[in-house]
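S.K.: Before I ask anything, let me first share the structure, which is written out below as structure tokens.
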Amino acid sequence: MIDLLPLQVDVLANRYSYVVFAIVLALGLYMIIASPNLVKQVIGLNLFQTAVFLFFVSSAYVVNGQIPVIPKDATGTFVSPLPQVIVLTAIVVGVAMTAVALALIVRIYDAYGSLREDAIREVRADD
Amino acid sequence: MTDLATLPALLVVLPILAAALPIAATIINRRVGWSVAALALAVEAGLTAWLASGVYADGQRIVHRLGGTELARPDGGYAVGIELVADPLSTLVAGTIATVSLVVLAYARQAGPRGNGFYAGYLLLTGGLMGVVLTGDLFNLFVFLEITGIATYALVATGDRPQAAVAALKYLLIGTVGASMYLLGVGYLYVRTGTLNMVDLARVLAGTATWGEGTWLAEAGALYAEPLVIASVAFITAGLGVKAALFPLHVWQPDAYQEAPDTVTIYISALVSTAAAYALLRIFLIVFTPAFFAETPVAANAFLVFSVTSVVAGSLLAAAQRNVKRLFAYSSVAHFGLILTAVGVAVHPAAGPTATRFAIYGAVIHLVAHAIMKAGLFAAAGSFAAGVGARTVASYAGLARVRPVIAGSIAVLGFGLVGVPPVIGFLGKWYIALGAISAGLWPVIAVVLASTLLSLLYVARILEKLYFDRAETPEVDQKDHPATDPTDSAVAADGGRTALPSLGMVALVAGAALLAVASGFAGAEVTTAIDPLVEAVLAGSPEVGTNA
């Protein structure tokens, strides 16, 4: 454990965004599982996805990195644009997913008059 | 070869572009959706056949580089940009998708749902599936998985009852968590290797990359034992396991299959989980390769336990079901477990070249066989529901006398699920069992053989009701289907069995049964078609087939 201590300090001091990533990921997953409210479950899903985006963006951060528009004969450190592009694409996918989820929730609310899973289950049991 | 090389892109783009047409055409004509979809999918099937003729001519590997060939693989051979790959493996599955899409569309003409929006979703789903199968890039695979997902959620929600929306939302929540886990796994791999292309990834992981001189890559060696790589395997397996509905990640699937309209159930049961299982098969065999599992035998054993559990649990749950669609849904859990058991055997360190060869044959054959058999069985269940209003096993009593063709097809396809020769289901199970035996994995052999008996548990229940239950009037179970379902109550009101299933429905069901039997005799042809994959895996090469 003595060997790991400097590593842990380094992670907390310089790479805290990875810690945030793990926390937000777990929070989102917990929200999906634990909340009986369908809208909150979708918010949890968004948190979960955002955590994954945060992982990609943090991994792409380079100290003193420059934007990847590279003039001829340039030297220096340039940032790989790929993770940002991936996150942009994934955000679009996530937005589409949220839209479908909310549309489904509107239909569920129309039919059952509730957003709570347990209430919907009761209505279904009465059928 | 330039013509053939554009085909993979066309196969993905055509259905997605065509998906916009039915919605746009709604302004002019509300009934045009089916014709647009039929035209697009007929062209799609033609293009797939053309591509297949090129790929199988001499086991070629046809690569389409998106964004042109100038930037692709500039020096030393790493890929810049996304590649679409048609090789003997992906073309086989693409052919299955094209065929099933076209045939299920014929079924949809009578069975509905009929809105133009449905056909837009249907075409979008086809495009997404083609993308999943043809892409050679892990992140691109994620995007296509999500396109497939969105289209599937929307299609499931087109069911009449509000429960369909609940089932679709459940599917969406679980499916998106699965897809995000897959993305996280891909992210771990990308962070460690710096590439997303499947072929390049395989080379970097194996330490045989020919580029990156003077960088970390040159002295990295094989990365198989890295914690990030092992974690990424776990995330990718969990993510795709959700999409393929492996026990215990299957909970979305029975509800979705039961609540979706019959046409949608046929389509998604045949193809959506198949695409996910295909992706897992491809990533395990081509990207991680048996060499990874030789380095980390725990991963191979854990994966086998995971998939074998799915076989047993899926079969037992299926045997306990009353609703026929739910029963077949749980049967899918068992059969995808079997397919991935075969993948697990193929990559297992205990498997020699012969075992790997047989297990790969078994996995690929059973993947395609399951798609054919499940499409036929769900179509049969759909025609019984539409014709006689029978949706539960109990209400199938004596139906063999009323609908001999459909009942006969259920018998043939059911025997296929059990694994009775000469139906194709036998061929897949035979090779999987042979693979497990050559690898000497005795617990797996026991489960593969027991899976035959377990399938018999639920297939025999249906057949017994159909053929040997002499109930005079099949009792239509009203409890599962209250009067909210208009077709059901109408049929029940005028004494049942008046509505005849359309010719298209019967043709699809009987056609699936005939195809399942006929392809059971085509074992040699199919194994020849898969041979390039086997050779590539055995040689540790990430490229299936010879480069065009």
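Quick note: the coordinates plus some simple rules give every number you see, no bench work behind them. All figures in this text were calculated on a predicted structure; none of them were measured in a lab. Backbone-built Cβ (ideal geometry, glycine too); neighbour counts: all protein chains shown.
S.K.: Just to be sure I follow: if Rg is taken over the C-alpha atoms of chain A and Rh is the Kirkwood radius over the same atoms, what is Rg/Rh? Each step should come with its number before you reach the end.
M.R.: Values: Rg = 21.0 Å, Rh = 17.9 Å.
Rounded to two decimals, Rg/Rh equals 1.18.
S.K.: Taking Cα atoms, how many degrees apart are the long axis of helix B:33-57 and the longest axis of chain B, rounded to 10 and kept between 0 and 90?
M.R.: 40
S.K.: From Cα coordinates alone, what are the radius of gyration and Dmax values for the range B:232-343 in angstrom?
M.R.: My reading of the Cα-based Rg and Dmax gives 14.3, 46 Å.
S.K.: When the Kirkwood radius is taken over all Cα pairs of the range B:178-258, what Stokes-Einstein diffusion coefficient follows at 37 °C and 0.692 mPa s, in µm²/s? Don't jump to the answer; show the numbers that get you there.
M.R.: Values: Rh = 13.9 Å.
The Stokes-Einstein estimate is 236 µm²/s.
S.K.: How long are the semi-axes of the equivalent ellipsoid of the range B:295-405, taking √(5λ) for every eigenvalue λ of the Cα gyration tensor, in whole Å from largest down? Please list the in-between numbers first.
M.R.: On the way: eigenvalues 253, 45, 14 Å².
Semi-axes from the Cα gyration tensor: 36, 15, 8 Å.
S.K.: Treating cross-link reach as a plain straight distance, find the lysines whose alpha-carbon is under 29 Å from the alpha-carbon of residue B:374, omitting any fewer than eight places away in the same chain.
M.R.: Straight-distance partners of residue B:374: B:170, B:243, B:325, B:429, B:465, B:479.
S.K.: Across the residues of B:49-56, average count of Cβ atoms on other protein chains within 10 Å? Could the numbers behind the result be given before it?
M.R.: Details: counts 0, 0, 0, 0, 0, 0, 0, 0.
Per residue, the average neighbour count from other chains is 0.
S.K.: Then there's this: Quick one: B:150, B:530, A:70, B:230, fewest Cβ neighbours within 10 Å first, how do they rank? Intermediate results must be reported in sequence, preceding the final value.
M.R.: Details: B:150 23, B:530 20, A:70 11, B:230 16.
The fewest-first ordering by Cβ neighbours comes to A:70, B:230, B:530, B:150.
S.K.: Could you work out how far apart the two model spin labels at residue A:7 and residue B:219 are, taking each label as a point 7 Å from the Cα in the direction of the beta carbon, and quote it in nm?
M.R.: Distance between label points: 2.1 nm.
S.K.: Taking a ≥ b ≥ c as the square roots of the Cα gyration tensor eigenvalues, with a/c under 1.5 meaning rounded and otherwise prolate when a/b beats b/c, else oblate, which class fits the range A:51-96? Show your work: numbers first, answer last.
M.R.: Details: a/c = 5.36, a/b = 2.09, b/c = 2.56.
Oblate, because a/c is 1.5 or more while a/b does not exceed b/c.
S.K.: Please determine, in degrees from 0 to 90 and to the nearest 10, the orientation of helix B:2-25 with respect to the longest principal axis defined by the Cα atoms of chain B, where the helix direction is its Cα long axis.
M.R.: 40
S.K.: Follow-up question, since we're still on this one. Defining a contact as two alpha carbons under 8 Å apart and six or more residues distant in sequence, what relative contact order in percent does chain B show? Write down the numbers at each step before the final one.
M.R.: Values: 1007 pairs, mean separation 83.2, N = 548.
It rounds to 15 percent for chain B.
S.K.: How would you rank B:370, B:64, B:335, going from fewest to most other Cβ atoms within 10 Å of each one's own Cβ? Please list the in-between numbers first.
M.R.: Details: B:370 26, B:64 22, B:335 30.
With the fewest neighbours first, B:370, B:64, B:335 line up as B:64, B:370, B:335.
S.K.: Viscosity 1.002 mPa s, temperature 20 °C: Stokes-Einstein D of chain B from its Kirkwood Cα radius, in µm² per second?
M.R.: Numbers: Rh = 23.4 Å.
Answer from the Stokes-Einstein relation: 91 µm²/s.
S.K.: For the protein assembly as shown, go through all pairs of different Cα atoms, get the mean of 1/r, take its inverse, and jot down that Kirkwood value in Å. Can you show the working numbers first?
M.R.: Numbers: mean 1/r = 0.0389 Å⁻¹.
That comes to 25.7 Å for the protein assembly as shown.
S.K.: Using DSSP, restrict attention to beta bridges with both residues in the protein assembly as shown and report what percent are antiparallel, rounded to the nearest 5.
M.R.: Counting only bridges with both partners in the protein assembly as shown, antiparallel ones make up about 75 percent.
S.K.: Also, I was wondering about something else. What's the average, rounded to a whole number, of partner chain beta-carbon atoms within 10 Å of each residue's beta-carbon in B:274-282? Spell out each step's value before the answer.
M.R.: On the way: counts 0, 0, 0, 0, 0, 0, 0, 0, 0.
For peptide B:274-282, the averaged partner shielding equals 0.
S.K.: Order B:255-268, B:81-94, B:187-200, B:313-326 from most to least packed using the mean count of other Cβ atoms within 10 Å.
M.R.: On the way: B:255-268: 26.0, B:81-94: 24.4, B:187-200: 22.8, B:313-326: 20.7.
Result, highest mean first: B:255-268, B:81-94, B:187-200, B:313-326.
S.K.: As I understand it, the value is the acute angle between the Cα axis of helix B:262-282 and the longest principal axis of the Cα atoms of chain B; what does it come to in degrees, rounded to 10?
M.R.: 20
S.K.: In what sequence, highest mean first, do B:105-114, B:375-384 appear when ranked by Cβ atoms within 10 angstrom?
M.R.: Numbers: B:105-114: 19.6, B:375-384: 29.3.
Sorting B:105-114, B:375-384 by mean packing, highest first, produces B:375-384, B:105-114.
S.K.: Still on this model: Which cross-chain or sequence-distant (5 or more) residues have an amide H under 5 Å from the amide H of residue B:61, H modelled 1.01 Å from N in plane?
M.R.: Here B:546, B:547, B:548 satisfy the definition.
S.K.: Among B:33-45, B:356-368, how do they line up by average Cβ neighbours within 10 Å per residue, starting with the highest? Spell out each step's value before the answer.
M.R.: On the way: B:33-45: 19.8, B:356-368: 27.0.
Result, highest mean first: B:356-368, B:33-45.
S.K.: Using r as the Cβ-Cβ distance of residue B:20 and residue B:507, and R0 as 41 Å, what FRET efficiency do you calculate, to the nearest 0.05?
M.R.: Details: r = 30 Å, r/R0 = 0.74.
Calculated value: 0.85.
S.K.: Give me the inter-chain shielding for B:152-161: mean count of other chain Cβ atoms within 10 Å, whole number please.
M.R.: On the way: counts 0, 5, 3, 0, 1, 5, 0, 0, 0, 3.
Taking the mean over all residues of the peptide, I get 2.
S.K.: Another question, then. Which far-off residues, 5 or more places away or on another chain, put their amide H under 5 Å from the one on residue A:78, with H placed in the peptide plane?
M.R.: The answer is A:66.
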